[in-house]
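Worksheet: one structure, shown below.
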Amino acid sequence: MSESRRRTLTLVLCCLAQFVVILDVSIVNVALPSIRGDLGFPGADLQWVVNAYTLAFAGFLLLGGRAADILGRREVFIAGVLLFGVASLLGGIAQSEGMLIAARALQGLGGAITAPATLSILTTTFTEGAERNRALGLWGAMGGAGGAAGAVLGGVLTEALDWRWIFLINVPVVVGLALGALRVVSPRERDTAAGRDFDLAGALTVTLGLVGLTYGIVATERHGWTSAQTVIPLLAGLGLLAAFLAVESRVAKAPLVPLRIFASRPLSAANVVVFLMGAAAFAMWYFVSLYLQQVIGLDPLEAGLAFVPMTLMIVAFSQLASRVTSRVGPGPVLAVGMTALGVGMLLLAQVPPDGTWAGDVLLPSIVTSAGIGCSFVPVTIAATAGVRGREAGLASGLVNTSRQVGGSLGLALLATIATDRAAESGGAKSPAAAATEGFDTAFAIGAGFALAGAVVALVVLVRPGRARDAAPAG
């Protein structure tokens, strides 16, 4: 096989793997009502189908990148995709709530191993400069396409076959990816200077800490904020996160997150903004999907197709944001994007129980999607602009982790609030009206998250000279 052909096939392999990993964050949204009907998920517990994946993905993402450097990129890639495939099979045959949640967590771990391995393979396969930039651009675009296409593909599979196929379809794909990696990726591509130190303690403490916080928030829906079933998980989560900080600052020889990196003001601000963006956007997709099916009465296929305009807007405004950021800097573009996300969610907070997609959802969803598209590119540029070149990968990984963590904690909080609000209204209103009141409350609070992110971007990232400084970074 010629070197040119090998590199092309490697690019295709890595892009497809990234597409599948990011696809599975969002593909479940449209299938949630069907999953609830089959497996009997109660109340706010349905969100764990999403959060089990995102928490495991976020908690182990940086460790996955470290493993690829130490153990070999091809070996870690194959292990990650096979683990992802096994977890997908378990999710597809799940017979209980607990089995599906465990499978989703295992999927998230597989994704956390696979995603950074694909990036490492590309950076070692393509030479620095225009060639590598094109490869990384396609890789990033496939990740974005995976997230955007999830709702559509989830709706098609759920309506045409069954919700289980949103998981089962992954199995032959990942087997093909593993076989392809054996064929085209050079073996034992590893960083000989990387050392042999894993920060497993850091990955475990941060992941379990986030799970504890999320579980405690969800428990308030059943037990209230002052019960032991709520307070104990919350305190345990906070304690584990404190342990994570201690591990990173004093114990780990090669910490996942060297805390000194947060001395960069742009990086710290960018992570706060992307955390708030995840908290708003993840909840928006979750509640819009439920509203379209449980209130308006669309079937899974119709609900999936309803997300197509959002997909197109995210792609279009991501391209526009790339061009504008290179001229005016990331701060102004990010502030505008987060404002649009907040305004769109305020519009969604007005949806009525007897609404329609075209009349009540289409315009707000377009505004929110434009905001999301405007935010992805500048937040990454802002995060990496203030760090040393060799730490740019770490800074980019932190942005991805913060988005997933924000999405998980934000969804946990807003789903609990929406369920409580619907329960309070249930006695005096129809089920559709009570559910809508819960959704509207969640949309309004999510809008507050987004607008708070806009304020942070405006105050910290918009300042004289930013446009000039950001041009090379863009």
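The values are calculated or read from the model by the stated rules, or taken from the named source; none is laboratory data. A quick note: this is a predicted structure, and the numbers were derived from the prediction, not measured. Every residue, glycine as well, gets a Cβ built from its backbone with ideal geometry; the counts of neighbours run over all protein chains shown.
Worth pointing out:
- Test: residue in segment 326-338 that is among the aliphatic types (A, V, I, L, M), modelled with pLDDT under 85 and over 28 Å from Ile27 (Cβ atoms): yes
- Within segment 233-257, the set of residues being exposed (fewer than 14 other Cβ atoms within 10 Å of the Cβ) and either of a type in the set (D, E, K, R) or not in a helix (DSSP H, G or I) (or both) comprises Arg250, Lys253.
- No other residue among Ser365, Ser318 is buried (at least 18 other Cβ atoms within 10 Å of the Cβ), at pLDDT 85 or above and in a helix (DSSP H, G or I) apart from Ser365.
Residue-by-condition table, conditions (1) buried (at least 19 other Cβ atoms within 10 Å of the Cβ); (2) of a type in the set (S, T, N, Q); (3) outside the structural domain of Asn170 (by TED's automatic domain parsing); (4) in contact (Cβ under 8 Å) with a residue 40 or more places away in the chain:
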position: Leu9; (1), (2), (3), (4): no, no, no, yes
position: Asn29; (1), (2), (3), (4): yes, yes, no, yes
position: Gln47; (1), (2), (3), (4): yes, yes, no, yes
position: Asn51; (1), (2), (3), (4): yes, yes, no, yes
position: Leu62; (1), (2), (3), (4): yes, no, no, yes
position: Gly65; (1), (2), (3), (4): yes, no, no, yes
position: Ile70; (1), (2), (3), (4): no, no, no, yes
position: Phe77; (1), (2), (3), (4): yes, no, no, yes
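- Inclusion of Ile366 among residues that are closer than 18 Å to Leu290 by Cα, of a type in the set (A, V, I, L, M, F, W, C) and in the same structural domain as Asp440 (by TED's automatic domain parsing) is warranted.
- A single member of Ala418, Ala428 is at pLDDT below 75, hydrophobic (A, V, I, L, M, F, W, C) and farther than 21 Å from Ser318 by Cβ, and it is Ala428.
- Screening the candidates Pro300, Pro330 for the property of being in the same structural domain as Val367 (by TED's automatic domain parsing) and either over 20 Å from Phe439 (Cβ atoms) or of a type in the set (Asp, Glu) (or both) yields one hit, Pro330.
- Only listed residue being more than 27 Å from Leu298 (Cβ to Cβ) and part of a helix (DSSP H, G or I), chosen from Gly91, Gly85, Gly37: Gly85
- Test: Ala358 is modelled with pLDDT under 90, buried (at least 20 other Cβ atoms within 10 Å of the Cβ), in a helix (DSSP H, G or I) and among the small types (Gly, Ala, Ser): no
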